[in-house]
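The values are calculated or read from the model by the stated rules, or taken from the named source; none is laboratory data. What you see is a predicted model; the values in this text were computed from it and never measured. Cβ placement follows ideal geometry from the backbone for every residue including glycine, while neighbour counts extend to all protein chains displayed.
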Amino acid sequence: MTVPNKPAFVRTEILPAKAPPVRATGITLWVRKNLLSSWLNVILTSLVLYALIRITYGLWPWLANGVWEADSLAHCREILAASGLGPTDGACFAVINDRWHQLLFGFYPSELYWRPILAMILFLGGLAPILFFSLPRSLLTFSCLAPFACFWLLWGGSAWVPLAAIGGLVIAGLAIRVLSKWLSSTLAVCGGIAIGLIFYLIGFSSFVSFAEGIFPLSIQQVASREFGGFMLAATIGLSAIVLSLPLGILLALARQSDLPLIKWCAIVFIEVVRGVPLIVWLFTAQLLLNYFLPPGTSFDLTLRVIIMVTLFAAAYIAEVIRGGLAALPKGQYEGADSLGLSYWQATRMIILPQALKISIPAIVNEFIGLFKDTTLVVFIGLLDPIGVARAIQATPEWNGIYWELFTFIGLLFFVVCYAMARYSLHLENKLRRGHN
Amino acid sequence: MSAETQSSAPKFRIGQLIYDTRYRAKTIQVIAGFIILSSIWWLGANIAGNLSALGKDFNLAFLSNPAGYDINQKLIEYDSKMSHGRAALVGIMNTLLVSVLGCIAATFIGVFVGVLRLSDNWVINRLAAVYVEAFRSVPLLLWIVFIFAILSEALPQPRDFRGEDATASMQLFDSVAITARGAYVPRVAFTNSISGNEVVAVKDGIVEVASGGADWALIFAALLMGSTTAYWLKRRADRMQSQTGQRPLTLPLQIMVVVVPTALILWFLGATMVQPYLKGFNFAEGTFIRKSLLALWLALSLYTGAFIAEIVRGGIMSVDNGQREAALALGLRPDKVMRLIILPQAMRVIIPPLISNYLSLAKNSSLALAVGYMDVRATLGGITINQTGRELEAMLLLGLFYLVLSLLIASVINFYDRSKQIQER
């Protein structure tokens, strides 16, 4: 007889978990959850997939039959005809193969291509410590010097010009430091700026010619009208953003100022500039700038455009930085005041470092917009990528080419702007998480 | 020490202008004012000097001189004998037309894509993301040029509609013809117009039909009155619901007050649809929407739509998930949760950047230059300058127009912000 209470079998170890059913794992689960979760989704997914397949089916032959090696559009079509295809059955990417250097560099002398490339590398190197906070802060000195080197590499001429420009800034900085021992900080800043200006107005050209006489440091000069393509877009965009930052900071501070006159001047400037489209400002630079300058002065159109775009960008940057200033907790301002810091000390050491840091993502977004807007210079006759494309279309060899050029330009813009947008998003998330 | 300085009459010293905070603000402003005034004076002197060197003066009288050029799209009456001012007005109307059309289309596209972007369907979600990124990362000018080229290349010429073996055909029951020159859509005409009659040829012989501003004003007035009454009905229903808990019959009444008077007026005016038809090598009658307008409109709305989609997505995501959960816990149905809980809160985040996107759309419409659309920059800031040589005056007026437009839109944003601000402390 068995003991009635005792069960016949007792499991002493836990069973291993059964594998989940096929429909609840891996790719099947993913498809069910993300593509076919409801009848509506099933219909939508199939419609979209059908449309995508149709588009791919339509475009694929054009891309796959593309001709990459040819001298002209006619040659391209001959090659296509030789393989039994009509003139529009295949793309003619040979135009990009043939003219990529013009799309990238415009009419910059081809033996000097290393200069814009090196300038770009230097600029990116200078940008790195600003964009990535983990790099050592001492690299910021390099960031300050990089724009001068880029200027020299792009336009050429005497290296003493950018060196003298740096010298002027150093003189102004030293003057501020020395003067602030005796004067209030506002007066010291004004004095320093005045001394710097005096150097630029009086001593600059004589210093350059003097130094050039003792120790010549010249490379071949390149006129701005030879700039073109993406290099021109990058030159205008990057110089405008670099030059507009200090101006934008000053405007933002002025707009937040307690002094009504200064505040209202800043507001009027910012609103007028932002209220009128860039294209109108560019036409102003082309048609009207000569009216505003003393009779007889005239200078390079590229330079005029850079000045105009800088002023334009400064107004937008000022609004972005104003947002950063407004986002700072009030305690930061009050803390700085209670430490007895003067306005400029507080701004320089407490307010701006924090405000600028939280504005970087928005500044990057402004820059994306600005870089895209540089395409508008084609309307006043500069050879930006679209202008170069039109010039290429006007040549006898490539007359009638269209989609290939614009696809190429669009793709390049997309890659650059998309990368920047991703960076800005990444930074935004990082700043939101931590307080570092 | 302090007692001593207080008792003796304070003597003003020149240094106080800088070191005493009571005077320093004034000193700085006086200096700044001096600098600003002298730079304005410098600019003014330069302008005066340059103008006299060129033998010109500053004079707006050119606005009343005959323009002498034609404009291919006009919303108000215009011919080349009319003045430059009138031409500028035609340009302004064209700018406003494409801006308003663009804002409407961009809002629809943006809201639609923004909601798709939040879809749990992966393919839809990705597709929306690709659209948004593609349009945000490529310059608008490139899109305008590209879309214009697609319209020119892909659409049939009017002659393709001809003959027995026509390669193209009209859409929507033969009422709309989309050609490489532009789109021909039906227009409304009135047989019983109150603003005079205009002879118009329609397909089956000659029929007397006309349309005038007065007719449209009448219809618009009826619509306006209808919607005001409908709004009043809603307010009344809301009031009664909050007092008694019973909501009176509203929607059918609202539809009635809007539709019935408008329909009556349309019937009274004898509104008929005039369809475009093929005449010779081109289409006649109907309303002709030029390819330039079509391309600009499409590009502007697709480009701005991508930005609006991100705003809509961000706005909906900004509403705390707890709000949704709480609403569901209260027993509200999902559509009501969206309509009563999520959207009103999301709107506060969405509306201000939405309006500022409208503003940038209006400013971007100046890229009309790329497709030859006759906006205000093309008339006042283009041909008028070339014909009169008055670039200073014309550019100033052009800038002023855009400035007034943006200040108007900006004040709408400010008004909205102030009215919808969360009341804190």
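Could you say whether any residue in the range A:327-349 is closer than 30 Å to B:M395 by Cβ and out of contact with any Gly (no Cβ under 7 Å at 6 or more places or on another chain)? Checked the range A:327-349: no residue is closer than 30 Å to B:M395 by Cβ and out of contact with any Gly (no Cβ under 7 Å at 6 or more places or on another chain).
Within the range B:120-146, residues that are farther than 20 Å from A:F367 by Cβ and more than 7 Å from chain A (Cβ to nearest Cβ) sit with their Cβ atoms under 8 Å from residues that are in a helix (DSSP H, G or I) and β-branched (V, I, T), at 6+ positions apart or across chains, in these pairs: B:A128/B:V113; B:Y131/B:V113. Answer with yes or no whether A:Q286 is within 13 Å of chain B (Cβ to nearest Cβ) and in contact with a Leu (Cβ under 8 Å, 6 or more places away or on another chain). Criteria met by A:Q286.
Scanning the range B:246-300 for residues that are touching a residue at least 12 places away in the same chain (Cβ under 8 Å), small (G, A, S) and farther than 30 Å from B:L359 by Cα returns B:G270, B:A271, B:A284, B:G286. Residues in the range B:112-144 that are surrounded by 17 or more Cβ atoms within 10 Å (Cβ to Cβ), at pLDDT 90 or above and over 24 Å from A:S424 (Cβ atoms): 1 in all. Listed by position, the helices (runs of 4 or more DSSP H) contained in the range A:68-180 that have at least 3 residues being on the phi > 0 side of the Ramachandran plot and among the basic types (K, R) form an empty set.
Just need a number here: residues in the range B:223-250 that are assigned to a helix (DSSP H, G or I), among the aliphatic types (A, V, I, L, M) and loosely packed, with under 12 Cβ neighbours inside 10 Å. Steps first, please.
Step one: list which residues in the range B:223-250 are assigned to a helix (DSSP H, G or I), which gives B:223-244.
Right, trim to among the aliphatic types (A, V, I, L, M) and you get B:223-225, B:230, B:233, B:237, B:240.
Then keep just the ones that are loosely packed, with under 12 Cβ neighbours inside 10 Å; that gives B:224.
So the count comes out to 1.
Pairs meeting the criteria (first residue in the range B:35-51 and touching a residue at least 12 places away in the same chain (Cβ under 8 Å) and among the β-branched types (V, I, T), second residue surrounded by 11 or more Cβ atoms within 10 Å (Cβ to Cβ) and assigned to a helix (DSSP H, G or I), beta carbons under 8 Å, at least 6 apart or on different chains) are B:I47/A:Y291; B:I47/A:F292; B:I47/B:L392. Residues in the range B:275-296 that are assigned to a strand (DSSP E or B) and crowded, with 20+ Cβ neighbours inside 10 Å: 2 in all. Can you work out which of the residues in the range A:369-386 that are more than 9 Å from every other protein chain (Cβ to nearest Cβ) and crowded, with 20+ Cβ neighbours inside 10 Å is farthest from B:V371 (Cα to Cα)? Among those that are more than 9 Å from every other protein chain (Cβ to nearest Cβ) and crowded, with 20+ Cβ neighbours inside 10 Å, it is A:L370. Pairs are defined by a Cβ separation below 7 Å, a sequence spacing of at least 6 or placement on different chains, a first member in the range B:20-32 that is more than 9 Å from chain A (Cβ to nearest Cβ), and a second member that is surrounded by 13 or more Cβ atoms within 10 Å (Cβ to Cβ); the pairs so defined are B:Y23/B:Q16; B:Y23/B:L17; B:T27/B:L17; B:T27/B:I18. Scanning the range B:147-162 for residues that are small (G, A, S) and closer than 16 Å to B:G372 by Cα, which turns out farthest from the other protein chains (Cβ to nearest Cβ)? Restricting to residues being small (G, A, S) and closer than 16 Å to B:G372 by Cα, the top hit is B:S152.
Restricting to the range A:236-272, what's the tally of residues that are in a helix (DSSP H, G or I), among the aliphatic types (A, V, I, L, M) and at the interface with chain B (Cβ under 10 Å from one of its Cβ atoms)? Spell out the reasoning first.
From the range A:236-272, those in a helix (DSSP H, G or I) are A:236-255, A:260-272; that's our starting set.
This time we only want the ones that are among the aliphatic types (A, V, I, L, M), so: A:236, A:238, A:240-243, A:245, A:247, A:249-254, A:261-262, A:266-268, A:270, A:272.
Still in the list and also at the interface with chain B (Cβ under 10 Å from one of its Cβ atoms): A:254, A:261-262, A:272.
Residues meeting the conditions: 4.
Residue count for the range A:289-312, restricted to those that are within 11 Å of chain B (Cβ to nearest Cβ) and touching a residue at least 12 places away in the same chain (Cβ under 8 Å): 1.
Could you count how many residues in the range A:173-222 are of a type in the set (K, R) and either farther than 30 Å from A:G340 by Cβ or surrounded by 14 or more Cβ atoms within 10 Å (Cβ to Cβ) (or both)?
First, pick out the residues of the range A:173-222 that are of a type in the set (K, R): A:177, A:181.
Restricting the remaining residues to those that are either farther than 30 Å from A:G340 by Cβ or surrounded by 14 or more Cβ atoms within 10 Å (Cβ to Cβ) (or both) gives none.
Going through the range A:173-222 one residue at a time, the tally reaches 0.
So, of the residues in the range A:390-423 that are in contact (Cβ under 8 Å) with a residue 60 or more places away in the chain and within 9 Å of chain B (Cβ to nearest Cβ), which turns out to be surrounded by the fewest Cβ atoms within 10 Å (Cβ to Cβ)? This residue is A:W403. For the residues A:A64, A:A74, A:A149, A:A82, the requirement of being surrounded by 13 or more Cβ atoms within 10 Å (Cβ to Cβ) and over 30 Å from A:S239 (Cβ atoms) singles out A:A74.
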